[in-house]
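The values are calculated or read from the model by the stated rules, or taken from the named source; none is laboratory data. As the structure is a prediction and not an experimental result, all values here were calculated from the model. Note that each Cβ is placed from the backbone with ideal geometry, even for glycine, and that neighbours are counted across all protein chains shown.
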Amino acid sequence: MKLKVGDKVLVTAGKDKGRNSEIVSVLPKKDRVVVRGINLYTKHVKPYAGRPGEKKVLERALPTANVAILNDKNEADRIGYKINKDGSKDRIFKKTGKVIDAPKKENK
């Protein structure tokens, strides 16, 4: 999968079309990504064991076809690969040809 956690993306289809955000998690087997603050739904949790009921607002996964990565000029772009002489692979933007910086992983 070409998309990674931390990539800035533009939603290209669905109810949140046109919004920018960041990838929170990647589900490669299902070919989907979870994007922060996009495709929200409300889950109603019943009261149990003396705890009150509540409404949780959660993010649902989007198909990867519904998002496009944003390049350094904040434009929708595609991802390609460049093989270095030492055999390592770098992700690059197709329009600009610049190498995509490795996303920073957050420690939880």
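The number of residues in the range 1-52 being at negative phi, without any contact (Cβ under 8 Å) to a residue 40 or more places away in the chain and in contact with a helix residue (DSSP H, G or I) (Cβ under 8 Å, 6 or more places away or on another chain) comes to 2.
Quick one: in the range 72-105, of everything that is among the hydroxyl-bearing types (Ser, Thr, Tyr) and in a loop (DSSP other than H, G, I, E, B), which residue is surrounded by the fewest Cβ atoms within 10 Å (Cβ to Cβ)? Among them, the one singled out is Ser88.
With respect to being in contact (Cβ under 8 Å) with a residue 12 or more places away in the chain and over 21 Å from Leu10 (Cβ atoms), Lys85 falls outside the description.
Scanning the range 20-31 for residues being more than 12 Å from the chain's Cα centre (by Cα) and more than 13 Å from Arg60 (Cβ to Cβ) gives a total of 1. Reported count of residues in the range 53-71, each being loosely packed, with under 14 Cβ neighbours inside 10 Å, over 17 Å from Lys2 (Cβ atoms) and in contact (Cβ under 8 Å) with a residue 12 or more places away in the chain, is 5. Tell me, yes or no, whether the range 79-88 has at least one residue that is of a type in the set (Phe, Trp, Tyr) and more than 18 Å from Pro28 (Cβ to Cβ). Among the residues of the range 79-88, not one is of a type in the set (Phe, Trp, Tyr) and more than 18 Å from Pro28 (Cβ to Cβ), which makes the answer no. Only one of the numbered conditions (1) at pLDDT below 95; (2) out of contact with any Phe, Trp or Tyr (no Cβ under 9 Å at 6 or more places or on another chain) is violated by Lys55, and that is (1).
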